[in-house]
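The values are calculated or read from the model by the stated rules, or taken from the named source; none is laboratory data. Quick caveat: nothing in here was measured; it's all calculated off a predicted structure. FYI the Cβ positions are ideal-geometry reconstructions off the backbone, even for glycines, and counts take in every protein chain you see. Keep in mind that these areas ignore ligands, DNA and RNA; they rest on the heavy atoms of the full protein, side chains included. Shrake-Rupley method; radii C 1.70, N 1.55, O 1.52, S 1.80 Å.
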Amino acid sequence: MIGAYKTRCAVCELRIRNLLDGAHILPDNHPNSEPKVSNGLSLCALHHRAFDRKIMDITPDYVVKVGEVRIADADQAAVRNIRDFDGKPIWIPTDDRLKPDRELLRTRLELAS
């Protein structure tokens, strides 16, 4: 999966391979989950953890959505590395077969509501 993203985080475009993970959009135990590239994203460790914990999400239009988590302005690391990506498009593969599945992203957002 990480190769589909040209070895970069879809959110911040970090390119250090050892800090990248394949993140599931829908977890393996979800009935609509399939083990395919379109059910995943290449994310750095920080954005993967934020994604898994619903601190940030990705909309079906491939835009970062930071949740209601309170990030103090004084926490410059969190502002710079999470909050500042709110509303920004993610980097996606050019091959349509490898792009994140919009329906899976929609389902994920509905589960969070």
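Structure values in brief
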| read-out | value |
| --- | --- |
| Cα point-scatterer Debye curve for the chain, base-10 log of I(q)/I(0) at q = 0.10, 0.17, 0.18 Å⁻¹ | -0.26, -0.77, -0.86 |
| Integer Hz, Karplus 6.51/-1.76/1.60 couplings in order for the range 57-64, x for Gly and Pro | 9, 10, 7, x, 8, 6, 10, 6 |
| Accessible surface of the chain, 1.4 Å probe, proportion on carbon and sulfur as whole % | 48 percent |
| Packing rank of 31-44, 85-98, where each peptide gets the mean count of other beta carbons within 10 Å, highest leading | 31-44, 85-98 |
| Probe 1.4 Å, accessible area per residue of the range 1-67, Å² | 50 Å² |
| Using θ = phi - 60° and Karplus 6.51 cos²θ - 1.76 cosθ + 1.60, couplings along the range 37-49 (whole Hz; Gly, Pro as x) | 4, 6, 9, x, 9, 8, 10, 5, 4, 5, 6, 5, 5 |
| Residue-count net charge about Cys12 - beta-carbon cut-off 11 Å; Lys, Arg +1, Asp, Glu -1 | +2 |
| In order through the range 18-29: 3J(HN,Hα) via Karplus (6.51 cos²θ - 1.76 cosθ + 1.60), integer Hz, x for Gly, Pro | 5, 10, 9, 10, x, 9, 6, 6, 10, x, 3, 7 |
| Cα-projected label distance for Arg53 with Arg97, points at 7 Å along beta-carbon direction, nm | 3.7 nm |
| Size of charge dipole - the chain - debye, nearest 20, with Cβ of Lys, Arg +1 and Asp, Glu -1, no other charges | 280 debye |
